[in-house]
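Chemist: The following block contains the structure, expressed as structure tokens.
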Amino acid sequence: MTPNTLSSPLTSNRMAVLATFAAIVLAAGAAVAPERIWSNLLLVGFYLTTLGLGGALFLALNYVCGASWNIAFRRVPEAMAVLLPPAGIGLLIVLALGRERYTWHAHGDAGTFWFKELWTTPSFWMLRAMVYVGLWIVFSRVLVSVSRRQDRSGSVGLSLLNKRLGAIFLVVYAVSFSLASFDWLMLLEPMWFSTIWGVYNFAGTIQAAIAGIIILSLLLRKRGPLQGFFTDDHLHDLGKLLLGFSCFWMYIWFSQYMLIWYTNIPEETSYYLPRTQGPWAPLMVLNLVLNWVAPFLILLPKPCKRSGSVMMKVAVLVLIGRWVDLYIMIFPSTMGSTPVFGVWEIASGALLVGTFGWLFIRSFGNAPPVPTGDPLLSESLHYHC
């Protein structure tokens, strides 16, 4: 690698310094504003974990579908999936530090909420969190390990093995991630619930993962490792996926909001009332613009999906939109009726970028930039959409 490539020690060190400095700022803030720091760390931990999980999900979906178009840049989602152990363990620490926020205290007749009391028992709640993260780590590591073993053997059987493992992982993911999003985000509003909360967070996860893959693949093409491998045809298909999942995210968002608005039941509207009125209302609009309006309008023309500069900008907007979406999920529940944004939120954003960049660069540099042993690599290199 030349010194100006993405995976150079200089770039890695810069990411590490950024993450370290941000962590120091947040640690200092814990003594001044502990609730606000915890809220930021929950956002960062969940964001990083779902980016890693999104990488593993992208791998599993392509293996199960038997797709070959993605092989040329498959090392990108693989490197994202390798983020899961440190990100997941970090999230578990944040959850353990704030688990009293999720403990259910029954109101009125205790018998009415007996299941919720059982479900939120601190030891049971924490055990589930460890099981969720543990399963994600195991499956992601196995999927990546099998792919990298193929570099040495070139065996078609390893692709078939990952296809079977991917199918199992998708089932495990569907159940565990739905429950995790209930446990870690929805329970911040203990009297509110949504039956499609897991699907909504899945939509945000896969949308952000595709945006991350686009940004990283473009950077790696520009700086060398994927030059000649990642083509405009690959970019075009990633653009179609980003457009599609942006529309899917909006569909689920509207489905949840419209039914709650129409029925107008107080127990259900309690989530949206503070978020659609007063100072939170502009952020709600911004959330829709970043996650759907902008990607939809910009990516409809075919040339935009084949333009590196356009796709880079749209992907960055989507990743910012994911931060706004999680901010709206978490902060009204923990910080009250007024949005807060200042040095702690800037530091948490720096921690997110620095940690992700540092871990990704280290992971990507541990294997050849393309899976040379995959028998279908040639199909991917000559792919035309």
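Chemist: Summing -39500 (n - 2.57) over the DSSP H runs of n ≥ 4 in the chain and dividing by its residue number, what mean residue ellipticity at 222 nm do you reach, to the nearest 500 deg cm²/dmol? List each step's numbers first, then the result.
Modeler: Working: 16 runs with 277 residues, N = 385.
Here the helix-only value at 222 nm equals -24000 deg cm²/dmol.
Chemist: Connecting C-alpha atoms closer than 10 Å in a GNM of the chain, tell me which of Thr120, Thr205, Thr338 has the biggest fluctuation.
Modeler: Thr338
Chemist: Treating the angle as unsigned and between 0 and 90°, give the value, to the nearest 10°, between the Cα long axis of helix 9-29 and the longest Cα principal axis of the chain.
Modeler: 10 degrees
Chemist: Treat every Asp and Glu Cβ in the chain as -1 and every Lys and Arg Cβ as +1, leave all other atoms uncharged, and give the resulting dipole magnitude about the Cα centre to the nearest 20 debye.
Modeler: On the way: 25 positive and 17 negative charges, 239 e Å.
In debye, rounded to 20, the chain gives about 1160.
Chemist: Which angle from 0 to 90°, rounded to the nearest 10, does the C-alpha axis of helix 308-335 make with the longest principal axis of the chain?
Modeler: Orientation of helix 308-335: about 20 degrees from the principal axis.
Chemist: Here's another thing I want to ask about it. Give me a comma-separated list of calculated 3J(HN,Hα) values for region 275-286, in order, Karplus coefficients 6.51, -1.76, 1.60 applied at θ = phi - 60°, integers in Hz, x for any Gly or Pro.
Modeler: Listing the rounded values in order: 8, 10, 10, x, x, 7, 4, x, 5, 5, 5, 4 Hz.
Chemist: Right, something else. So how do 279-291, 42-54 stack up, highest first, on mean other-Cβ count within 10 Å?
Modeler: Working: 279-291: 16.5, 42-54: 25.6.
Listed from highest to lowest mean packing, they are 42-54, 279-291.
Chemist: Based on Cβ point charges of +1 for Lys and Arg and -1 for Asp and Glu, what charge dipole magnitude is obtained for region 239-385 about its Cα centre, in debye rounded to the nearest 20?
Modeler: Details: 8 positive and 6 negative charges, 98 e Å.
Computed about the Cα centre, the dipole is about 480 debye.
Chemist: Here's something else I'd like to know. Can you work out the Karplus-derived ³J(HN,Hα) for every residue in region 217-226? Use 6.51 cos²θ - 1.76 cosθ + 1.60 with θ = phi - 60°, whole Hz, and x for glycine or proline.
Modeler: So the J values, rounded to whole Hz, are 5, 5, 5, 6, 6, 5, 9, x, x, 10.
Chemist: Would you mind computing, in nm to one decimal, how far apart the modelled labels at Lys163 and Leu273 are, each placed 7 Å from Cα along Cα→Cβ?
Modeler: 5.4 nm
Chemist: Further question: I'd like to know which of Pro301, Met258, Leu288 lies farthest towards the positive end of the charge dipole of region 219-343, counting +1 on Cβ of Lys and Arg and -1 on Cβ of Asp and Glu.
Modeler: Of Pro301, Met258, Leu288, it is Pro301.
A short reminder: the numbers here are calculations on the coordinates, not readings from a lab. What you see is a predicted model, and the numbers here were worked out from it, not measured in a lab. We place every Cβ from the backbone using ideal geometry, glycine too, and count neighbours over all the protein chains shown.
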